[in-house]
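Down below is the structure, laid out as structure tokens.
The values are calculated or read from the model by the stated rules, or taken from the named source; none is laboratory data. This structure is a prediction, so every number in the text was calculated from the model and none was measured. Cβ sites come from the backbone with ideal geometry, for glycine too, and all protein chains shown count toward neighbours. In case anyone asks, the SASA skips ligands and DNA or RNA and just uses the protein heavy atoms, side chains included. Shrake-Rupley method; radii C 1.70, N 1.55, O 1.52, S 1.80 Å.
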Amino acid sequence: MDTHIIIAEAFGAIAVVFNFIGYRQQDINRYRFISAIALAAVSTHFFMLGALAAGIGTALACIRNLVAMYYRSNGILALFVVLNIAFFCYEWAILDSPWIIIIAYASSMIFTVGSIVFTNAVQIRRWFILAESLGLVYAIMVGSIFGTIFNISNLCSIFYILLRDKKATLAETKKTNIKE
């Protein structure tokens with residue numbers, strides 16, 4: 001295997017580890033910070049593989065997560081939406097990138113809106129199921145091994161946490177009902 005690909009996949013592996021840790025955070029800003037580290041690593045991974053749309057989308061996501069730790073205004077949301085659209089238009093019209101970039105940028109837009117608008121980790125996880133699924137399709141299409149693992153791991157983490165939280169809520173409801 002080419003050394004360049006090995007290094008790219010190593011960045012992907014780092015991203016998987018950090019994102020696995022990130023999705024287990026209950027504090028939204030801790031999640032955003034750890035996720036930003038993962039996004040920086042996966043961005044590097046995609047740039048090294050030549051998957052420009054995913055590299056740009058995840059680089060913007062890294063910056064967006066750091067900004068969203070302190071600012072979540074409509075102006076910030078608009079800025080990142082415009083940046084996503086501008087990069088998409090540049091790739092589509094100027095670089096003549098293939099149609100699959102639509103998948104990467106759709107995923108990026110969901111992450112952008114979700115990361116800035118939502119302040120509840122459960123709400124974010126629910127929307128990110130769609131975004132991660134789109135990311136998975138894109139990663140498979142561009143041949144990214146750790147990009148694929150990254151998205152599968154994230155989806156498993158999201159489903160696990162949502163199921164765990166639902167079980168805890170049901171257990172609490174049962175306790176409340178028994179006491180009454």
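Tally up the residues in segment 40-55 that are in contact with a helix residue (DSSP H, G or I) (Cβ under 7 Å, 6 or more places away or on another chain) and over 13 Å from Gly135 (Cα atoms), please. Can you show your working first?
So the first thing to find is which residues in segment 40-55 are in contact with a helix residue (DSSP H, G or I) (Cβ under 7 Å, 6 or more places away or on another chain), and the list is 40-49, 51-55.
So of that shortlist, the ones also over 13 Å from Gly135 (Cα atoms) come out as 40-41, 44-45, 47-49, 52.
Matching residues across segment 40-55 total 8.
Every residue in segment 78-95 that is open to solvent by less than 60 Å² (accessible area, probe 1.4 Å), over 13 Å from Ala68 (Cα atoms) and either assigned to a loop (DSSP other than H, G, I, E, B) or in contact with a helix residue (DSSP H, G or I) (Cβ under 7 Å, 6 or more places away or on another chain) (or both), please.
Of everything in segment 78-95, those that are open to solvent by less than 60 Å² (accessible area, probe 1.4 Å), over 13 Å from Ala68 (Cα atoms) and either assigned to a loop (DSSP other than H, G, I, E, B) or in contact with a helix residue (DSSP H, G or I) (Cβ under 7 Å, 6 or more places away or on another chain) (or both) turn out to be Val81, Leu83, Asn84, Phe88, Glu91.
If you go through segment 115-153 one residue at a time, how many are of a type outside the set (Ser, Thr, Tyr), assigned to a helix (DSSP H, G or I), closer than 18 Å to Arg32 by Cβ and touching a residue at least 60 places away in the same chain (Cβ under 8 Å)?
5
Of all the residues that make up segment 5-62, how many are within 19 Å of Ala106 (Cα to Cα) and surrounded by fewer than 17 Cβ atoms within 10 Å (Cβ to Cβ)?
1
Only residues that are on the phi > 0 side of the Ramachandran plot and either crowded, with 20+ Cβ neighbours inside 10 Å or in contact with an Asp or Glu (Cβ under 7 Å, 6 or more places away or on another chain) (or both): list them for segment 96-142, please. First the steps, then the outcome.
Taking segment 96-142 and keeping what is on the phi > 0 side of the Ramachandran plot, we get 96.
Selection gives nothing.
Quick check on segment 63-77: of everything there that is assigned to a helix (DSSP H, G or I) and small (Gly, Ala, Ser), which residue is least open to solvent (accessible area, probe 1.4 Å)? It would help to see each step written out before you state the result.
Filtering segment 63-77 down to residues assigned to a helix (DSSP H, G or I) leaves 63-68, 74-77.
Restricting the remaining residues to those that are small (Gly, Ala, Ser) gives 68, 75.
On the way: Ala68: 0, Gly75: 50 Å².
Looking at the filtered set, the residue picked out is Ala68.
Any residue in segment 97-114 that is under 18 Å from Thr148 (Cβ atoms) and at pLDDT below 90?
Taking every residue of segment 97-114 in turn, at least one turns out to be under 18 Å from Thr148 (Cβ atoms) and at pLDDT below 90.
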